[in-house]
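The values are calculated or read from the model by the stated rules, or taken from the named source; none is laboratory data. As the structure is a prediction and not an experimental result, all values here were calculated from the model. Heads up, the Cβs are rebuilt from the backbone with ideal geometry, glycines too, and the neighbour counts pull from every protein chain shown.
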Amino acid sequence: MSYVVLARKYRPRSFEEMVGQDHVVRALTHALEQGRLHHAYLFTGTRGIGKTTVSRILAKSLNCTGPDGSGGITARPCGVCSACKEIDADRYIDYVELDAASNRSIDEIRDLIERAAYKPTVGRFKVFMIDEAHQLTKDAFNALLKTLEEPPEYLKFVLATTDPEKMLPTVLSRCLQFNLRPMAPQTVAEHLQRVLEAEAVPVEAGALRLLARAARGSMRDGLSLTDQAIAYGGGKLEEVAVRAMLGTVDRRHAQRLVQALAARDGRAVLAECDALRAQGLSAAGTLEELARLLQHMAVEQAVPGALDETDPEAEAARQLAGLLAADETQLLYSICLQGRAELSLAPDEYAGLVMVLLRFMAFPSEGGVPRRAGDMPREAATSAAVPGPASAAPRAAVPTSAPLLARSAERAATPAVAPPQVTAVPPARPASTVAAAVPASAPAQGLRAAETAPPPWLDDVPPEDEDQQLVAQALASPAPVANPAPVAPAASAPAASAPRPAVAALPLAVQRTPLGGRWYEVVAAMVEAGSIAALARELAMQAELREILQADATETWRLTVERDSLRTANHADKLLAALRAVTGQAGLQLDLVAGVAQDSPARRDAEAAALRQQEAEQTIQGDPLVQTMLSQFRTARIVPGSIKPV
């Protein structure tokens, strides 16, 4: 006797044997038991999930006569009567299957309609099953419409399609539609386990998991792959052999890539891609496995402990979840998904893989600056444990435009301080606290990084106000630092407590000039009068008055502006009109030149904001009540970013 493939040998013969389609089975079972039968059914869904199987079981239910030949319509066909046996063997004369992929024209449909005029030969109902019905031509559909809407009482139509969107609305409205869903990998694995036990084939759990994933929701594909794996493995299923057969990338490759990308270690990324090429592993498979790992990491980040405890790969995802911020995980996941579609466009797939991975490194890290190999200690990226403070990247404020100068007078006053947030770090994660990682004697740069790193008890860094953004703008400027203020010492604490982060002094970035002071006052007057707005105001804020040229009775003010987008005639004309109005000089002219502004109103505001923030932080650090709380509670910390001048 010839060998029967597993997909045919273990095809369900009754609704009870159907796997993963309980919603369809339940509806059809109740309809058959209550006699509420529709004249046309439409089964939709991807390939290999049971559309044709459900059609055959439905045909047996309608025509089953029972073991003694006296049965009627039933939801549980006996499987032993002539109707059940012949339908299973695909030779029942009153059950017709038409493949619309190869019989799609109006002629085949006319022939089917002619056959519908005759009553069943041996059965209770005639059942016409049209597979891949969406491939019928429009004329064929139109010819079928009348019969499909009002068929004879002995005729039932069953249509199956993988693409219901291509079906005519007039056909869909005449059918009772059931959508068969792709099966979960766990469901496929459980069914394959039962099949392999029945076949007495030894199988490793890892091999079964790989086959279930490769099936992609299709039970028929899963059984076909199992057949192939049995032949490949010589009668047994081992994980190594199944992985080699499927070309599946080992999860450890994806883990190493995540570690290298989290560290922005381009050299390690290239080395891993070279290793994949040397082993002949698929670039598309690598991105697929990487996306699967990132999905598990995202679940762990959003809902800690939600991953399946029985999955041996879940532990690695938990450990890696701390290497990337949640937004970085989502970004890398999207890059992997989009990158798979681009591999075919690359010179070769490995070059495409490299470019997809390097694309993530082109985005700024949590510190706001793209990191290069060596910027982060390799131990922080390659360690399999949950990363400590060495892997926490500092955040920096994004430079933005300066605020209105109407607030200048407020900044000159003695700063008030918003109440700080003092929190206790959970004892279970002391290694993750930022303050514990920075000794009191650390240099100012390290302290600033420690203060701005996201604390583990927050979902994200608190939103930065306008003043903090101005500070970052001043710090990002290429202007030289003048008169840097000394670093304030760390707050005293008992010897038993962890080191406290000291307040880092912020450098003053303005080289003040007399003309700069005059320009500041003029711009403040224009802002207060409301005579400049939008980009004209931005031009005034970012400009520096370098010199005033006198020619006859005309003054020309020469402004240095760095941004090309601000040095346009339109913005200059608006600024000039406001300037003439506030100074009363009708003949005043402007000359905009390219260059870096060292003493602009924006820089002065940023300097004032920096000093104000520094004084506020020093005030809080020296507050006796705060010091008392920090000394009494060993794990207490001042939440970075919670101190705000008000």
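Looking at the structure I just gave you, is Ile73 in the same structural domain as Tyr154 (by TED's automatic domain parsing) and crowded, with 23+ Cβ neighbours inside 10 Å?
Criteria not met by Ile73.
Taking segment 292-306, which residues are more than 15 Å from Ala260 (Cα to Cα) and touching a Leu at 6+ places or on another chain (Cβ under 9 Å)?
To start, the set of residues in segment 292-306 that are more than 15 Å from Ala260 (Cα to Cα) comprises 292, 295-306.
Hits for segment 292-306 are His296, Met297, Val299, Glu300, Gln301.
Could you list, in sequence order, the residues of segment 562-577 that are under 17 Å from Val527 (Cβ atoms) and more than 40 Å from the chain's Cα centre (by Cα)? It would help to see each step written out before you state the result.
Of segment 562-577, the ones under 17 Å from Val527 (Cβ atoms) are 566, 571, 574-577.
Answer for segment 562-577, where residues must be under 17 Å from Val527 (Cβ atoms) and more than 40 Å from the chain's Cα centre (by Cα): His571, Lys574, Leu575, Leu576, Ala577.
Can you tell me which condition Ala31 does not meet? The list is (1) more than 24 Å from Ala89 (Cβ to Cβ); (2) touching a Cys at 6+ places or on another chain (Cβ under 7 Å); (3) not aromatic (Phe, Trp, Tyr), and all the others hold.
Just one mismatch for Ala31, condition (2).
Looking only at segment 22-74, which residues are at pLDDT below 90 and polar (S, T, N, Q)?
Ser70
Using the structure shown, decide if Ala260 is crowded, with 18+ Cβ neighbours inside 10 Å, at pLDDT below 90 and not charged (D, E, K, R).
Numbers: crowded, with 18+ Cβ neighbours inside 10 Å: yes; at pLDDT below 90: no; not charged (D, E, K, R): yes.
So Ala260 does not fit the description; no.
Scan segment 217-232 and tell me whether some residue there is outside any helix (DSSP H, G or I) and within 29 Å of Val19 (Cβ to Cβ). Break it down stepwise before answering.
From segment 217-232, those outside any helix (DSSP H, G or I) are 217-218; that's our starting set.
In the following step, the residues that additionally are within 29 Å of Val19 (Cβ to Cβ) were identified as 217-218.
Yes, there is a match, as at least one residue in segment 217-232 is outside any helix (DSSP H, G or I) and within 29 Å of Val19 (Cβ to Cβ).
Given the criteria buried (at least 16 other Cβ atoms within 10 Å of the Cβ) and touching a strand residue (DSSP E or B) at 6+ places or on another chain (Cβ under 6 Å), does Phe43 qualify?
Against the criterion (buried (at least 16 other Cβ atoms within 10 Å of the Cβ) and touching a strand residue (DSSP E or B) at 6+ places or on another chain (Cβ under 6 Å)), Phe43 qualifies.
Given the structure, is Ala160 touching a Phe, Trp or Tyr at 6+ places or on another chain (Cβ under 6 Å) and either among the charged types (D, E, K, R) or on the phi < 0 side of the Ramachandran plot (or both)?
yes
Show me the helices (runs of 4 or more DSSP H) entirely contained within segment 58-172 in which 2 or more residues are charged (D, E, K, R) and in contact (Cβ under 8 Å) with a residue 24 or more places away in the chain.
Values: elements: 82-88, 106-116, 138-149, 169-172.
Of the helices (runs of 4 or more DSSP H) lying wholly inside segment 58-172, those with at least 2 residues that are charged (D, E, K, R) and in contact (Cβ under 8 Å) with a residue 24 or more places away in the chain span 106-116, 138-149.
Looking at segment 127-138, can you tell me whether even one residue there is surrounded by fewer than 14 Cβ atoms within 10 Å (Cβ to Cβ), closer than 30 Å to Leu225 by Cβ and touching a helix residue (DSSP H, G or I) at 6+ places or on another chain (Cβ under 9 Å)?
No, segment 127-138 has no match at all.
State the number of residues belonging to segment 341-357 that are in a helix (DSSP H, G or I) and over 14 Å from Asp274 (Cα atoms).
Let us first name the residues in segment 341-357 that are in a helix (DSSP H, G or I), namely 341-345, 349-357.
Then drop every residue that is not over 14 Å from Asp274 (Cα atoms), which leaves 341-345, 356.
Total meeting the criteria: 6.
So Leu307 clears everything in (1) under 16 Å from the mean Cα position of the chain (by Cα); (2) outside any helix (DSSP H, G or I) except one condition, right? Which one?
Only one criterion is unmet by Leu307, namely (1).
Residues are listed down the side, and each one gets a yes or a no for (1) at pLDDT 90 or above; (2) of a type in the set (Asp, Glu); (3) within 16 Å of His253 (Cβ to Cβ):
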| position | (1), (2), (3) |
| --- | --- |
| Gln279 | no, no, yes |
| Thr286 | yes, no, yes |
| Gln330 | yes, no, no |
| Ser334 | yes, no, no |
| Tyr350 | yes, no, yes |
| Leu357 | yes, no, yes |
| Pro377 | no, no, no |
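Of the numbered conditions (1) surrounded by fewer than 20 Cβ atoms within 10 Å (Cβ to Cβ); (2) touching a strand residue (DSSP E or B) at 6+ places or on another chain (Cβ under 9 Å); (3) farther than 25 Å from Tyr95 by Cβ; (4) at pLDDT 90 or above, Arg181 fails exactly one; give the number of that condition.
(2)
Taking the conditions exactly as written (crowded, with 18+ Cβ neighbours inside 10 Å, farther than 20 Å from Met129 by Cβ, touching a Gly at 6+ places or on another chain (Cβ under 8 Å) and not aromatic (Phe, Trp, Tyr)), does Val203 satisfy them or not? Quick ask: steps written out before the conclusion?
On the way: crowded, with 18+ Cβ neighbours inside 10 Å: yes; farther than 20 Å from Met129 by Cβ: yes; touching a Gly at 6+ places or on another chain (Cβ under 8 Å): no; not aromatic (Phe, Trp, Tyr): yes.
No: the conditions fail for Val203.
Would you check if Leu576 is within 21 Å of Gly530 (Cβ to Cβ) and assigned by TED's automatic domain parsing to the domain that holds Ala525?
Values: within 21 Å of Gly530 (Cβ to Cβ): yes; assigned by TED's automatic domain parsing to the domain that holds Ala525: yes.
For Leu576, the condition - within 21 Å of Gly530 (Cβ to Cβ) and assigned by TED's automatic domain parsing to the domain that holds Ala525 - is met.
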